[in-house]
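The values are calculated or read from the model by the stated rules, or taken from the named source; none is laboratory data. Since this is a predicted model, take the numbers as computed values, not measurements. All Cβ positions, glycine included, derive from the backbone under ideal geometry; neighbour counts span all protein chains shown.
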């Protein structure tokens with residue numbers, strides 16, 4: 001940590017010898033493992049880019065040159081080298097430094113990352129702006145091979161190659177997205193990696209030149225600069241060259257000396273250049289090297305064993321994956337689709353057991369949805385597993401290709417709601433707002449693990465599209481709370497009453513049902529009897545139950561893990577207004593802003609979404625004699 005704490009480290013890197021830089025890589029990796037084991041975060045991806053990041057900082061002026069990091073989860077080393085090592089104890093914490101690039105955090109962060117495949121387009125825009133303004137600096141995009149499975153990356157490559165923009169694309173090829181890469185692009189890159197032409201040509205030419213008397217050795221030394229560039233051009237990157245890029249590679253991404261020399265050469269070139277760098281995800285930490293997918297995004301863990309320090313319960317993702325195994329045992333129409341995160345969404349066992357019925361399409365959410373449409377038209381029953389925040393990319397395909405055709409596709413929306421430390425780019429707090437208004441789309445949210453299983457089974461029987469949204473983390477267990485101890489059957493648009501109360505109704509969706517139950521207990525201690533209703537469906541609403549409640553002039557509190565605008569609560573207000581009912585309504589949801597990073601519980605308390613805050617807000621609402629009513 002001594003060297004990393006040096007406030008002049010960014011400048012010192014420019015003067016350090018190669019041996020000292022190589023020693024620095026060990027210090028950086030130890031620092032990353034030590035700190036991320038305490039805070040959690042993206043470890044394997046950062047361990048893999050230590051040499052690459054050092055070479056970029058050595059050759060380029062990161063205070064002036066523009067580096068766009070695709071996704072941005074691999075910028076921890078960049079943050080360390082730009083003076084933020086001392087803040088790593090706050091990584092991904094509320095008020096701390098982000099796990100992604102943030103322009104407001106440091107001038108060397110030039111683009112707010114978070115989602116994949118965007119860097120080339122952003123870098124091209126920066127390059128064109130530079131040229132129009134007559135400025136002189138370098139623009140680079142650092143993109144992983146996983147992100148290269150996304151169509152947006154090729155839109156950027158196509159446009160940049162056509163414009164012949166002066167920019168450098170660094171392809172960080174570690175054979176991984178979050179899960180292992182699949183598809184023809186991965187196979188193409190594998191062929192490039194496997195080629196030995198450039199290696200054999202390099203050694204043959206060097207050996208022959210060295211044998212020439214007297215001048216041989218000087219010729220070898222004089223040809224070093226040419227060799228550094230040309231030996232990587234022996235193997236043609238046909239795909240990239242056809243798109244208008246000068247291709248160089250593959251190069252060993254952990255050979256710091258080679259990387260530095262090659263960056264020195266390509267920065268002198270005109271036009272778009274693509275440098276293919278091969279790295280190992282998780283490099284330097286045996287647990288991450290063995291399980292790079294598991295250590296892609298990790299909770300706090302024991303550095304010795306790699307075991308998580310908390311969270312021993314079954315996650316919502318694991319429950320969803322187990323449910324798919326159960327459904328497939330009895331229905332061979334079931335197929336599952338993942339977008340580059342097989343293990344993260346709980347489908348690893350399904351992928352092994354039902355490999356003919358499983359598809360990982362890469363970071364290609366739009367393709368995933370239309371592919372599902374084709375499967376459904378062919379008589380199968382697709383379940384599409386995608387994080388809420390990534391599903392936003394496929395809005396048009398959901399609305400037009402699935403719902404307009406009334407196809408029986410089920411969207412398993414993982415990481416719905418607030419997800420904690422990943423921050424505003426990953427909070428899944430918009431899905432209710434962008435899904436519930438689509439005609440014919442049924443949107444469900446289970447209160448606990450058992451209800452998730454039951455909703456998935458019910459969705460399989462439907463003849464049209466459906467969504468099941470569930471949060472990140474350990475799955476709740478709230479079974480047996482309905483009157484009589486049983487569970488009400490899943491019927492489209494029908495809620496479940498869990499607790500009676502004559503003063504107010506708490507109508508909650510998904511994980512907020514647990515919050516509502518806890519809040520009702522707190523309210524009861526203060527003499528307020530609150531009914532609790534598990535809404536189950538954000539679309540269609542349980543109109544009969546809601547209107548009946550309003551007719552009794554019962555105040556209604558809606559609770560959802562979604563933004564207020566366009567969400568479940570506003571749908572309730574619209575329903576009551578349209579039906580001419582008049583009763584006080586309070587919508588409890590995330591505010592109209594980008595919610596920052598932090599612990600989920602911490603953020604819920606800060607924004608008045610936890611049980612204690614909800615109870616307090618309800619009490620204040622009931623005391624307010626001038627509260628607005630829905631007319």
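A few notes on this one:
- Some residue of the range 344-356 being closer than 19 Å to residue 461 by Cα and surrounded by 22 or more Cβ atoms within 10 Å (Cβ to Cβ): no
- Residue count for the range 385-407 under the criterion of being more than 18 Å from residue 437 (Cα to Cα) and in a loop (DSSP other than H, G, I, E, B): the result is 0.
- Top-ranked residue of the range 571-585 - restricted to ones that are without any contact (Cβ under 8 Å) to a residue 40 or more places away in the chain and assigned to a helix (DSSP H, G or I), ranked as farthest from residue 432 (Cα to Cα): 578
- Note on the range 408-447: residues that are surrounded by fewer than 24 Cβ atoms within 10 Å (Cβ to Cβ), without any contact (Cβ under 8 Å) to a residue 60 or more places away in the chain and either under 22 Å from the mean Cα position of the chain (by Cα) or under 29 Å from residue 602 (Cβ atoms) (or both) total 0.
- Extreme residue, nearest to residue 456 (Cα to Cα), among residues of the range 391-407 that are in contact with a helix residue (DSSP H, G or I) (Cβ under 7 Å, 6 or more places away or on another chain) and surrounded by fewer than 23 Cβ atoms within 10 Å (Cβ to Cβ): 407
- In the range 131-142, the residue that is surrounded by the fewest Cβ atoms within 10 Å (Cβ to Cβ) out of those that are touching a residue at least 24 places away in the same chain (Cβ under 8 Å) and within 17 Å of residue 60 (Cβ to Cβ) is 137.
- Among residues of the range 352-366 being part of a helix (DSSP H, G or I) and in contact with a helix residue (DSSP H, G or I) (Cβ under 9 Å, 6 or more places away or on another chain), the one that is farthest from residue 153 (Cα to Cα) is 353.
- Condition met for residue 382 (surrounded by fewer than 24 Cβ atoms within 10 Å (Cβ to Cβ), farther than 28 Å from residue 103 by Cβ and assigned by TED's automatic domain parsing to the domain that holds residue 464): no
- Of the listed requirements (1) touching a helix residue (DSSP H, G or I) at 6+ places or on another chain (Cβ under 6 Å); (2) under 26 Å from residue 114 (Cβ atoms), residue 558 misses just one: (2).
- Qualifying residue in the range 130-147 (condition: assigned to a strand (DSSP E or B), in the same structural domain as residue 266 (by TED's automatic domain parsing), within 23 Å of residue 55 (Cβ to Cβ) and under 16 Å from the mean Cα position of the chain (by Cα)): yes
- Answer residue from the range 521-544, given it is touching a residue at least 40 places away in the same chain (Cβ under 8 Å) and part of a strand (DSSP E or B) and is surrounded by the most Cβ atoms within 10 Å (Cβ to Cβ) among those: 534
- All strands (runs of 3 or more DSSP E) inside the range 231-339 with 1 or more residues being outside the structural domain of residue 91 (by TED's automatic domain parsing) and in contact with a strand residue (DSSP E or B) (Cβ under 9 Å, 6 or more places away or on another chain): 334-338
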